[in-house]
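Enquirer: Could you have a look at this structure, given as structure tokens, before my questions?
The values are calculated or read from the model by the stated rules, or taken from the named source; none is laboratory data. Note that the structure is predicted; figures quoted are calculated from it, not measured. Positions of Cβ are backbone-derived with ideal geometry, glycine not excepted, and every protein chain shown enters the neighbour counts.
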């Protein structure tokens, strides 16, 4: 009987998926099978491997969870089959050509169910926030370190910009303002990414004609420095976007005015469409040679890293005289950091915003809150997401997101930490210092990797 698998008669069990954790699914199924009076034994593992694999791939999600517990062979087959189960159940062809080791398809199946269900999310406003609360601002940066979020800079208006650093403890709901050693400029519209215990900032503008290059804030030591680098660095800029893959910082686009602040009639406002890479292990800049289609010049866009890919969304081309958008984008581009190729994936639906949305990542989903509407000039408070696996764009309804919606917002930051999204500050027509928390009611036990903790010196 060693190679036999116990199956109940199919007309005695309800196989409809329920909103329960995977362990609950397995427990309920095992108990129901144990209680069945009519069971038969079938020597599944005695069949040819190809036939066994075909049988396993034909199982539904509940059966797949159970059969993976029978033997090592069936567990390995089940892992391979979750891709087909996900595609069949949700009705899509995967948009990323990845092997089974690059995507946890079982996790994707359950996470997608939890993200798209009714009442999956709820907006909340914390009742009490302690410590040194930041003033209203927009165009700042926020970087996650374990349960901490580090906020840097920002602006109240064009000539009022900040050089402060705040650290928010998501467990204690407390802001602290560390004593930073080193010169922090008053700047905004920069980018910042976190690698190890350091925040790497690039670009930004002080409102009076000065752009900034690379700076590093050491969170543990609370020091600000401008490290030496090799290679050719990007020209200073604002309204660009950046993200991290591995130990490398990727920067794309933005805008630059060579003689900003001088009101020169011959000054040339430039929208950039270049990609630069900083290897933080060697502190070397590089600009890859890219063939084929590319996103092109843009500003006010979003860039995130998932696995080995960069995903770029939206933005536009701004004309300063007179102030207006001459092009608006809501397209999505995907960059393979290994082959150094851009690709424009086929998507289902669309994200109807373009510039400065507040964005964050949960597993393989990119979320967008607010931003300027594509067809209008006002900002929104709608919530959307893009599934990088299936290519599906989703607009969340009132049934999916509970609580009172935050005010329309752009130029803010959002950080996903342990099942909660912390959206801070930005512009709602004018700068605000609101902190809104989006709770994810996820019953699947794995909600993505927990960021590495950071030890902050006193």
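Enquirer: Which of the residues belonging to region 425-454 are assigned to a strand (DSSP E or B) and either at pLDDT 95 or above or closer than 16 Å to residue 148 by Cα (or both)?
Expert: Step one: filter region 425-454 for residues assigned to a strand (DSSP E or B), giving 425-427, 431-440.
Listed by number, the residues that qualify are 425, 426, 427, 431, 432, 433, 434, 435, 436, 437, 438, 439.
Enquirer: Something else: Being in contact with a strand residue (DSSP E or B) (Cβ under 6 Å, 6 or more places away or on another chain), surrounded by fewer than 17 Cβ atoms within 10 Å (Cβ to Cβ) and more than 21 Å from residue 191 (Cβ to Cβ) narrows it down to one of 395, 377, so name that one. Show your work before the answer.
Expert: Numbers: 377 fails: in contact with a strand residue (DSSP E or B) (Cβ under 6 Å, 6 or more places away or on another chain).
Checking each option against the conditions leaves just 395.
Enquirer: Can you tell me which residues in region 130-144 are part of a strand (DSSP E or B) and either over 23 Å from residue 202 (Cα atoms) or without any contact (Cβ under 8 Å) to a residue 24 or more places away in the chain (or both)? Lay out the reasoning, then the answer.
Expert: Residues of region 130-144 part of a strand (DSSP E or B): 130-131, 137-138, 141-144.
130, 131, listed by residue number.
Enquirer: Answer yes or no as to whether residue 422 is part of a strand (DSSP E or B) and either at pLDDT below 95 or buried (at least 17 other Cβ atoms within 10 Å of the Cβ) (or both).
Expert: On the way: part of a strand (DSSP E or B): yes; either at pLDDT below 95 or buried (at least 17 other Cβ atoms within 10 Å of the Cβ) (or both): yes.
Taking the combined requirement at face value, the residue satisfies it.
Enquirer: Taking residue 288, is it out of contact with any helix residue (DSSP H, G or I) (no Cβ under 6 Å at 6 or more places or on another chain), in the same structural domain as residue 240 (by TED's automatic domain parsing) and at pLDDT below 95? Spell out the reasoning first.
Expert: Values: out of contact with any helix residue (DSSP H, G or I) (no Cβ under 6 Å at 6 or more places or on another chain): yes; in the same structural domain as residue 240 (by TED's automatic domain parsing): yes; at pLDDT below 95: no.
When the stated conditions are applied, residue 288 does not pass them.
Enquirer: Taking region 328-346, which residues are out of contact with any strand residue (DSSP E or B) (no Cβ under 6 Å at 6 or more places or on another chain) and crowded, with 17+ Cβ neighbours inside 10 Å?
Expert: Matches in region 328-346: 331 only.
Enquirer: I'm trying to understand the selection: among the residues of region 124-145, which are within 20 Å of residue 192 (Cβ to Cβ) and at pLDDT below 95? Steps first, please.
Expert: As a first pass, look at region 124-145 and keep what is within 20 Å of residue 192 (Cβ to Cβ): 132, 134-145.
Within region 124-145, 132 is the sole residue that qualifies.
Enquirer: Kindly establish whether residue 352 is within 15 Å of the chain's Cα centre (by Cα) and either crowded, with 22+ Cβ neighbours inside 10 Å or modelled with pLDDT of 95 or more (or both). Break it down into steps so the answer makes sense when it comes.
Expert: Details: within 15 Å of the chain's Cα centre (by Cα): no; either crowded, with 22+ Cβ neighbours inside 10 Å or modelled with pLDDT of 95 or more (or both): yes.
So residue 352 fails the test.
Enquirer: While we're on this one: Please work out if residue 60 is out of contact with any helix residue (DSSP H, G or I) (no Cβ under 7 Å at 6 or more places or on another chain), within 19 Å of residue 391 (Cβ to Cβ) and at pLDDT below 90.
Expert: Numbers: out of contact with any helix residue (DSSP H, G or I) (no Cβ under 7 Å at 6 or more places or on another chain): yes; within 19 Å of residue 391 (Cβ to Cβ): no; at pLDDT below 90: yes.
No: the conditions fail for residue 60.
Enquirer: Does residue 28 satisfy being part of a helix (DSSP H, G or I) and modelled with pLDDT under 85?
Expert: Working: part of a helix (DSSP H, G or I): yes; modelled with pLDDT under 85: yes.
Answer is yes for this residue.
Enquirer: Tally the residues that are touching a strand residue (DSSP E or B) at 6+ places or on another chain (Cβ under 7 Å), surrounded by fewer than 22 Cβ atoms within 10 Å (Cβ to Cβ) and in a loop (DSSP other than H, G, I, E, B), restricting the search to region 298-313.
Expert: 1
Enquirer: Taking interchain pairs and intrachain pairs at least six residues apart, which have beta carbon atoms under 8 angstrom, with the first residue in region 177-191 and more than 19 Å from residue 255 (Cβ to Cβ) and the second surrounded by fewer than 14 Cβ atoms within 10 Å (Cβ to Cβ)?
Expert: Close Cβ pairs (under 8 Å, with a partner that is surrounded by fewer than 14 Cβ atoms within 10 Å (Cβ to Cβ)) amount to 177/132.
Enquirer: Condition (residue is assigned to a loop (DSSP other than H, G, I, E, B), within 30 Å of residue 336 (Cβ to Cβ) and at pLDDT below 95) applied to region 104-111: is it met by at least one residue?
Expert: First, the residues of region 104-111 that are assigned to a loop (DSSP other than H, G, I, E, B): 104.
So of that shortlist, the ones also within 30 Å of residue 336 (Cβ to Cβ) come out as 104.
Cutting the leftovers down to at pLDDT below 95 gives us 104.
Within region 104-111, one or more residues are assigned to a loop (DSSP other than H, G, I, E, B), within 30 Å of residue 336 (Cβ to Cβ) and at pLDDT below 95.
Enquirer: Still on this structure, I have one more. Out of 66, 80, 74, 59, which single residue is assigned to a loop (DSSP other than H, G, I, E, B), outside the structural domain of residue 416 (by TED's automatic domain parsing) and farther than 24 Å from residue 367 by Cα? Don't jump to the end; show me each part of the working.
Expert: Values: 66 fails: assigned to a loop (DSSP other than H, G, I, E, B); 80 fails: assigned to a loop (DSSP other than H, G, I, E, B); 74 fails: assigned to a loop (DSSP other than H, G, I, E, B).
After ruling out the rest, the residue left standing is 59.
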